[in-house]
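Encoded as structure tokens, the structure appears first; notes follow it.
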Amino acid sequence: MRRGLRLVAALVAGVLLAGCSAMRLAYENADTYLRWRASAYIDVHGAAADELDERIDAFLDWHRAKALPQYARFSEEAAKRLASGLSAGDLVWGYDALQLQAREGLRVAAVQVAPMLDRLSAEQIVQLERRLAEDNRKFARENLNGSEAERRKRRARVMQNRLEEWVGKLNQAQVERVRQYAERAPLTDVHRDRDRKRLQAEVLAMVRGRDSARRLPELAANWQQGRDAAFLALNEAWRKEFYALLIDIDRTLTPAQRAKAVANFHRYAEDFAVLAGQAGAEPLPQ
């Protein structure tokens, strides 16, 4: 989910990526987390702080009532598809479904935060700019440092860890297949860095022009628009290699590995359903 839109995306990304049992606790404290994240970018006090609290609560009410049921249905369907063995069509379905859910959540979150951005003082805008610059330096340290060989090795390690969170320990052949993916797929970090800065510049221009309420929801929901052709081509090549990796790993899963992954999706679905059952009925403020 881009640092320039971190305040907008924090909850969506957190819910989609959190561990199952920890997710309930994290979600139940999401209002505190979002206030803490917002304070790192924009320092607000008094009436503005109260308004931020109300807007965060309104977004969470919407998310619990509308988004979580969709996540639960997605997780159950994903479990069903994984249990039968993945196809290329399943991966496209999963990608499209997650993209749709993320876009919807980001748009609603942007509608909430944008009016406050349009009222930032010059001092608050400077604070926002400084924090984005810090984010960019952190991104560079974590993703751009090292030789190409070192970055590909780091990619293989990260991917192996992510897969093992879902299916358990990979065998030697599966680890080798991950290594092949890391070597074959194009590195996109330089282009990601440029694209992050492009989005940040657009957001800052909106903020300075007091135009966030009108333009930010569309940008948040369609963050990929405006990417240069080279990045789009690289991203498509990366996705092709990533899908091929997942298909090959799926074909080599042991019964125990597949059962673990399917059970993980079922637990996600259960957590999402439980959290959705706590939905309130307050409408979003306009």
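Side notes on the structure shown:
- Counting the residues of region 238-271 that are outside any helix (DSSP H, G or I) and under 12 Å from residue 177 (Cβ atoms) gives 1.
- Of all residues in region 197-212, none that is without any contact (Cβ under 8 Å) to a residue 60 or more places away in the chain has its Cβ atom under 7 Å from the Cβ atom of a residue that is of a type in the set (A, V, I, L, M, F, W, C) and open to solvent by 20 Å² or more (accessible area, probe 1.4 Å), 6 or more apart or on another chain.
- Checking 187, 199, 170, 120 one by one, the residue that is assigned to a helix (DSSP H, G or I), hydrophobic (A, V, I, L, M, F, W, C) and either open to solvent by less than 60 Å² (accessible area, probe 1.4 Å) or modelled with pLDDT of 95 or more (or both) is 199 and no other.
- From 92, 178, residue being modelled with pLDDT of 95 or more, assigned to a helix (DSSP H, G or I) and open to solvent by 50 Å² or more (accessible area, probe 1.4 Å): 92
- Residues of region 41-56 classified as within 19 Å of residue 217 (Cβ to Cβ) and of a type outside the set (Phe, Trp, Tyr), total: 6
- Pairing each residue of region 135-163 that is touching a residue at least 60 places away in the same chain (Cβ under 8 Å) with any residue that is acidic (Asp, Glu) and open to solvent by less than 30 Å² (accessible area, probe 1.4 Å), provided the two are 6+ apart or on different chains, yields C-beta distances under 7 Å for 139/193.
- When the criteria are applied in full, residue 83 fails the requirement of being crowded, with 17+ Cβ neighbours inside 10 Å and among the aliphatic types (A, V, I, L, M).
- The sole residue among 6, 35, 81, 2 that is more than 14 Å from the chain's Cα centre (by Cα) and at pLDDT below 95 is 35.
- Residue in region 150-171 that is under 30 Å from residue 214 (Cα atoms) and among the aromatic types (Phe, Trp, Tyr) present: no
- When region 22-77 is filtered for residues that are open to solvent by 40 Å² or more (accessible area, probe 1.4 Å) and not in a helix (DSSP H, G or I), the ones remaining, listed by number, are 29, 43, 45.
- Candidates in region 138-148 are the residues that are closer than 23 Å to residue 239 by Cβ and surrounded by fewer than 13 Cβ atoms within 10 Å (Cβ to Cβ); of these, the one that is modelled with the highest pLDDT is 148.
- Failed criterion for residue 224 (all others in (1) more than 29 Å from residue 122 (Cα to Cα); (2) within 20 Å of the chain's Cα centre (by Cα) hold): (1)
The values are calculated or read from the model by the stated rules, or taken from the named source; none is laboratory data. None of the values given here were measured: they were computed from a predicted structure. Positions of Cβ are generated from backbone atoms using ideal geometry, with glycine treated the same way; all protein chains shown enter the neighbour counts. With ligands, DNA and RNA removed, areas are computed over all heavy atoms of the protein, side chains included. Shrake-Rupley method; radii C 1.70, N 1.55, O 1.52, S 1.80 Å.
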